[in-house]
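The values are calculated or read from the model by the stated rules, or taken from the named source; none is laboratory data. All values derive from a computational prediction rather than experimental measurement. Quick reminder, even Gly has a Cβ in these numbers, built from the backbone with ideal geometry, and neighbours come from all protein chains shown. Each accessible area value is taken on the protein alone, full model and side chains, heavy atoms only, with ligands, DNA and RNA left out. Shrake-Rupley method; radii C 1.70, N 1.55, O 1.52, S 1.80 Å.
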Amino acid sequence: MAAYKARFVDIFTPHFYFINSCFLDCVMLTYLFTQCFRLKAFEDTLNNERIDLKTLRKLCFNGCPFEHGYRSTCWKILLNYLPLDVSQWKEILEKQRNLYTHFVHEMIVEPGTKASAGSQADDHPLNPNPDSNWGAFFKDNDMLLQIDKDCR
């Protein structure tokens, strides 16, 4: 009986691996075709002059692809950062970026510019004082780095 089992395994093992390999190839091809169709659906939806929000929500329900910047664009639309009318995007993005730049210039501390004459000598990058302009500068930079990471 053991001899028959060994012979069976010797005969069918290579075929099993071949069949298994073909199955995996079919699964991969199906996945690739599905991804291509999803990308095409996103492309068709986002290249219209007016975005159909209902269609975009359905597409995004299972995740947004990273390719071609679709993920960031979808988030901007779904969060109402961008309007549904594509012709307004350039103007809105420019306005929002100018607003953000103005906000950064208004809120970020530039060491040495706002310091009073008496505290100028004590205010240096290694100053451990929590009220130091340099301390605020470094905290602001940490926050900007995190924002940059989150937005990319």
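Brief remarks on what is shown
- Close contacts from the range 125-145, counting a first residue that is more than 15 Å from M107 (Cα to Cα) and a second that is modelled with pLDDT under 75 and surrounded by 14 or more Cβ atoms within 10 Å (Cβ to Cβ), with Cβ to Cβ under 7 Å and a gap of 6+ residues or different chains, come to S132/D123.
- Any hit, the range 63-86, residues being under 20 Å from D140 (Cβ atoms), part of a loop (DSSP other than H, G, I, E, B) and modelled with pLDDT under 90: no
Yes/no per residue for (1) touching a strand residue (DSSP E or B) at 6+ places or on another chain (Cβ under 9 Å); (2) modelled with pLDDT under 80; (3) open to solvent by 50 Å² or more (accessible area, probe 1.4 Å):
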residue	(1), (2), (3)
D25	no, yes, yes
M28	no, yes, yes
L32	no, yes, yes
R38	no, no, yes
R50	yes, no, yes
K54	no, no, yes
